[in-house]
1. With a bin width of 5 angstrom, please list the P(r) values of the range 205-325 as percents of all Cα-Cα pairs, from the 0 bin to the one holding the largest distance.
2. What pairs from LYS235/LYS325; LYS235/LYS270; LYS221/LYS249 go past 25 Å between their alpha carbons?
3. Between GLN232 and SER206, what length in nm is gained on full extension when 0.36 nm per residue of separation is reduced by their alpha carbon distance?
4. For LYS194, LYS181, which order do you get if you count the other beta carbons within 10 Å of each Cβ and list the fewest first?
5. Just rank HIS300, HIS85, HIS20, fewest to most, by other beta-carbon atoms within 10 angstrom.
6. Please list 149-162, 250-263 highest first by mean number of surrounding beta-carbon atoms within 10 Å per residue.
7. Under the 0.36 nm per residue contour assumption, what length would be gained going from the current alpha-carbon distance of ALA26 and ASP103 to full extension?
8. If the chain between GLN243 and GLU156 were fully stretched, how many nm would it gain, using 0.36 nm times the residue separation less the Cα-Cα distance?
Amino acid sequence: MKFVRILFVLTLCGCATASHYPQKWAVVPAGNSVTECTPIIGQFEQQGVAAVTKGPFWARTTEEVPTLFSYEMGINASPPAAVSHLSVNFSAKDPGVTLWVNDELFLAHNFTPDELTCESGLWRLDLDWELMGSSGILLDGGVSLTSLFVQQAADESVIIRSVDKHMGTFSLVLPFYFQEKEWRRFPLYTAEGKELEPNAPHGVLSDEKTFARLIPPPTQKSTKETWERQDQCLKLALDSFEQLGGALKSEEQTRIAGRSTQSFLVQWDKKSKAFPRTEYIDRTIGHTPTTHSAQLRKPHWLDPSVSDRYVLCLLEAGYVWEDVKKTE
């Protein structure tokens, strides 16, 4: 009954949960009633930390976890961990952010006048509404809105106060509303002393007009078969690298014919498992290997021979390489 009473109060009155600004972070100016915001212009790390709330709303704690600048701002970059830093311009003149992969311009996003506003001396950015799915038990569904309030700390790092507002219904009739406040910190970017890893992602594909596709052989019996073949070939490629190293045989190099295979595989970050990039063709072919949605020429941290051997395995299984022109 205690849970029911808490839920009843929550649905009628709403609830606000907030994490306090981390004491060990550099000092930030308090919000005020001024209408002008100090411009924030500079380069900042993609990798940052988030002070997030954990646990049930009646016993919440604050923990620091890794986060990514582009992700927090709702910008789609794949893979986001390949981005090294962002050029930021929070000001009244030409505001926006630019994503970089080391010295390569990856993606630029300009803010419209209604996206970035000044509120109580802080830059405010409202992200798009997101739908909250039903839990199938109590939560019927709802919507979530995230507002970011951006300022600079005394050490010049960017500090973001993220306010999430959640609204919806429980059990079809009981409305609920609650909001959460969390903090993010992104330090200034310094390229000095940073050495690129040999297999780091690279090669921006923003201007590419074509992409590659591997079509399964006509002997394929079901769409399930193409999934199984991709998994087998990726495992074989990884095992071969462990046993043989990165050098390809001369006949393997001949079969690759100088074509880049790197964008057929993707990693979210260096520690995550690599997975094949696919494209749905039709009910007969299913999801076939492709580089169609690739944003980088090498979007993973694997040795290049792994993707080469992955593609060679598919070609040996009868897959056909197609070079396809992109359409609008």
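1. Going from the shortest bin to the longest, the percentages are 2, 11, 22, 25, 21, 13, 5, 1.
2. Working: LYS235/LYS325 30 Å; LYS235/LYS270 17 Å; LYS221/LYS249 32 Å.
Violating the 25 Å limit, Cα to Cα: LYS235/LYS325; LYS221/LYS249.
3. Details: separation 26, 0.36 × 26 = 9.36 nm, distance 3.09 nm.
Length gained between GLN232 and SER206: 6.3 nm.
4. Values: LYS194 10, LYS181 18.
Placing the least packed residue first, the sequence is LYS194, LYS181.
5. Numbers: HIS300 27, HIS85 23, HIS20 10.
So the ranking, lowest neighbour count to highest, is HIS20, HIS85, HIS300.
6. On the way: 149-162: 18.5, 250-263: 13.7.
Listed from highest to lowest mean packing, they are 149-162, 250-263.
7. Details: separation 77, 0.36 × 77 = 27.72 nm, distance 2.87 nm.
Result: 24.9 nm gained on full extension.
8. Details: separation 87, 0.36 × 87 = 31.32 nm, distance 4.77 nm.
Taking 0.36 nm per residue and subtracting the Cα distance, the gain is 26.6 nm.
Every read-out reported here was derived from the displayed coordinates using simple, explicitly stated rules and does not represent laboratory data. These figures come from a predicted structure and were not determined experimentally. Note that we place each Cβ from the backbone using ideal geometry, even for glycine, and neighbour counts take in every protein chain shown.
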